[in-house]
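For reference, the structure discussed in these notes is given below.
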Amino acid sequence: MYDYPLVTGDGTKQPVDMTAKSLADMTVENLVLDGRIPLSARTTDPHATANNPYADAMGILLASSTGSFRNILIKNVEVLHTSMGIHVKGTTGVTLDGVNVHHNGIAFWLHNVYLRRCQNVMIVRSRMNDSLVGTGLHIAGAGSRNITIADSDFSGNDSSGMNIQDLPTNVTIRNSRMTGNDGDGISAVGTPLVITGDQARNNTGSGIHTWTGAGRVEGNTATGNDDGDLDIHGDFTVSGNTVP
């Protein structure tokens, strides 16, 4: 049993010289990170996270409380069987390219991938599937902006395929798949928020769900979702979508 991340850079403590805790131009590449947490550690109790002995046993944790981290690339990395696969906070310049993050997220608020207070984010050619309790991708935190998610798969998660909160600015989700999640395929807010060319099929919630914000929802395919295929709130232009 262990309670620490497998790869970590911690900027939460404030030294006298702030540059001493600033990560920049860092690459994590060509690795398999298998936490080997037993399935029995999974809990759906929303109050049990703090008491779970594996709660801090993440795959990758790169956390800056001051927002001082810059230019982090995670490429061709597989993360599985950890409490949360990848967690990045307070970073400008985050690229996830070709990551395969699955069977992570053992308790409430723990996900396959969680980005908080991040700017200039690019997620491409990646898979974030089969989270045990959480979402495939969770993005939150005031000040998040300039986020592109493309050509990726978010399927089979115990919650939504992806959940984007706190009204980030300039978000694009394109040419990606959300299938068989136990929640919405896409649950998102943003201004502007563009959702285009995506496939949302057979989710137990809505296929594509916008809560607030403004932008475009166009050219998507949404079918077989239990709670409706398109559930659009906010100031969005909706056009060219394929729905039943």
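The values are calculated or read from the model by the stated rules, or taken from the named source; none is laboratory data. Not measured: the values here are computed from a predicted model. Cβ coordinates were reconstructed from backbone atoms using ideal geometry, including for glycine residues, and neighbour counts include every protein chain displayed. For accessibility, only protein heavy atoms count, side chains too; no ligands or nucleic acids. Shrake-Rupley method; radii C 1.70, N 1.55, O 1.52, S 1.80 Å.
Which net charge results for the neighbourhood of residue 52, defined as the other residues with beta-carbon distances under 10 angstrom from its beta-carbon, given Lys and Arg at +1 and Asp and Glu at -1? Could the numbers behind the result be given before it?
Numbers: positive: 42; negative: 3, 45, 56.
Net charge in that neighbourhood comes out at -2.
For the stretch 29-104, what number results from the quotient of the Cα radius of gyration and 2.2 N^0.38 Å? Don't skip to the end; give the middle numbers.
Numbers: Rg = 13.6 Å, N = 76, 2.2 N^0.38 = 11.4 Å.
Output field value: 1.19.
At 1.4 Å probe radius, can you tell me the per residue accessible area of the stretch 96-212 in Å²?
Normalised by residue count, the accessible surface of the stretch 96-212 is 30 Å².
Working from the pairwise distances between different alpha carbons, so that the mean of 1/r is found and then inverted, what is the stretch 116-244's Kirkwood radius in Å?
On the way: mean 1/r = 0.0726 Å⁻¹.
Taking the inverse mean of 1/r over all distinct Cα pairs, the stretch 116-244 comes out at 13.8 Å.
Where Lys and Arg each count +1 and Asp and Glu each count -1, what net charge lies around residue 142 among other residues with Cβ under 13 Å from its Cβ?
Working: positive: 89, 116, 117, 145; negative: 166.
Here the charged neighbours net out to +3.
Whose amide H sits under 5 Å from the amide H of residue 199, counting only residues 5 or more places off or on another chain, with H placed in the peptide plane?
Sorted by chain and number, the residues that satisfy this are 176, 177, 178, 221.
How large is Rg over Rh for the stretch 32-175, taking Rg from the Cα atoms and Rh as the Kirkwood inverse mean of 1/r across Cα pairs? Display every interim value, and only then the final one.
On the way: Rg = 13.9 Å, Rh = 14.7 Å.
We get a ratio of 0.94 for the stretch 32-175.
Would you kindly give the portion of the calculated P(r) for the stretch 62-133 that falls above 14 Å, as a percent of all Cα pairs? Numbers along the way, then the final one.
On the way: 1426 of 2556 pairs.
Result: 56 percent of Cα pairs exceed 14 Å.
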